[in-house]
Amino acid sequence: MATSIHIAPDDSFDDWVVRDENGAELGHYPTREEAEIVGETRARKRGDELFIHLPDGRTSRKSFAKGWLARWFST
């Protein structure tokens, strides 16, 4: 079952925060690009979905969900 990683600016828009599906912070990064690299790497490795929440309210989504065969043989 795929989980999710979320990237969003912090409340003061000073940096970007990477969180898991439960809201636990995984890291703060000075730019959206750096946060996306970390979030995408983690999502790809775990077969998660990646959600990027932009300051204007838009959200983009990427899925790295693996099929059952890939999950079965992943380490």
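The values are calculated or read from the model by the stated rules, or taken from the named source; none is laboratory data. Not measured: the values here are computed from a predicted model. Cβ: placed from backbone, ideal geometry, glycine included. Neighbour counts: every protein chain shown.
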Residue, nearest to the chain's Cα centre (by Cα), within the range 40-64, restricted to residues that are β-branched (Val, Ile, Thr) and over 14 Å from residue 26 (Cα atoms): 52
Matching entry among 2, 24 (being within 15 Å of the chain's Cα centre (by Cα), surrounded by fewer than 16 Cβ atoms within 10 Å (Cβ to Cβ), modelled with pLDDT under 90 and among the small types (Gly, Ala, Ser)): 2
Checking the conditions here, which among 59, 31 is among the polar types (S, T, N, Q), within 17 Å of residue 12 (Cα to Cα) and either modelled with pLDDT of 95 or more or surrounded by fewer than 10 Cβ atoms within 10 Å (Cβ to Cβ) (or both)? 31
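Scan 40, 33 and give me the residue that is farther than 20 Å from residue 65 by Cβ and either small (Gly, Ala, Ser) or part of a helix (DSSP H, G or I) (or both).
Working: 40 fails: farther than 20 Å from residue 65 by Cβ.
Answer to the selection: 33.
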Tally time: how many residues in the range 2-30 are over 14 Å from residue 50 (Cα atoms), free of Cβ contacts under 8 Å to residues at least 40 places away in the same chain and assigned to a loop (DSSP other than H, G, I, E, B)? 7
